[in-house]
Amino acid sequence: MFTKYFLTSLLVGLMLSLVGCHTVPQTGRSALHLVPSEQLASMAAAQFRQLKQDTPISTDPTYNAMARRVGERIAYVAAPDMPNAQWEFVVFDDDEQINAFAMPGGKVAVYTGIFKVVKSDADLAVVMGHEVAHVAAGHGNERISQQVLAAGGALALQMGTRDLDSSDRQLIMAAYGAGATIGVMLPYSRYHESEADEIGLIYAAKAGYDPRAALGFWERMEAQKNGAPPEFLSTHPSGSTRIRKLNELMPKALEIYKNR
């Protein structure tokens, strides 16, 4: 019984991977995308409209000019990877949020708190390049697709173990849940962060910003952390890991920056 459902689940997973295969721009990695990008962009636009209604928008002319200036340059170099994006750059007034994000379709949010760490246009290019890279790479779509497959695996496991003793079945399901989260979900999130660092560094360099600014920026970001979880239980790589990988990428980024 278990083998039957396992093989069925595996077959469905392989079929889905063939249907939803996507090539990540700049890195060339193959990724699974099961949700139409147009649907994600439409949902993101609605959520962004709601966010603008619920969250105060900054009126600081310096922050807004900086976000538009840097955002438009990043958007220009990312355009080949996001040809249908409807770009919008909004600075939200929240000094406690040291954060920024980009949504499918080209919606980019920057919180005023990030300017505690951002000291120049090049710093903001690091932030915006990274966040836009998440969207260009389709990381949100990939995460949703991954969760769909994980849910299918859990369902197959439940059906395949229904003849077992209830305590044994609970142990198996708990082990599956822990394995899926720690072994797959979290490491994949860390991989997405590293990939966004790489693509974002390329975008910043192509846009004419010195990629070396990324090292100082992420060091300052790391200094903002308090009580961060161990790296193996985090969705983000540790600061030391991130800096090491950025240093490895720096020769390529500098070549792009100097030869643009």
- [ ] Under 22 Å Cα to Cα from Lys252, which lysines show up? Leave out anything in the same chain fewer than 8 places away.
- [x] Lys206
Task: Segment Ser120-Ala79, length gained on full extension (0.36 nm per residue, minus Cα span) - done: 12.4 nm
Open item on the list: Less than 15 Å apart at the alpha-carbon level, and either on another chain or at least 8 residues along: which aspartates and glutamates does that give for Lys258?
Closed with: Asp210
Task: Label-point gap, in nm, between Lys258 and Asn64 - each point 7 angstrom along Cα→Cβ - done: 4.0 nm
Open item on the list: If I take R0 = 30 Å and measure r between the Cβ atoms of Thr241 and Asp95 in this structure, what FRET efficiency does the formula 1/(1 + (r/R0)^6) give, to the nearest 0.05?
Closed with: 0.55
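Every number in this text was worked out from the coordinates using simple rules, so none of it is lab data. All figures in this text were calculated on a predicted structure; none of them were measured in a lab. Quick reminder, even Gly has a Cβ in these numbers, built from the backbone with ideal geometry, and neighbours come from all protein chains shown.
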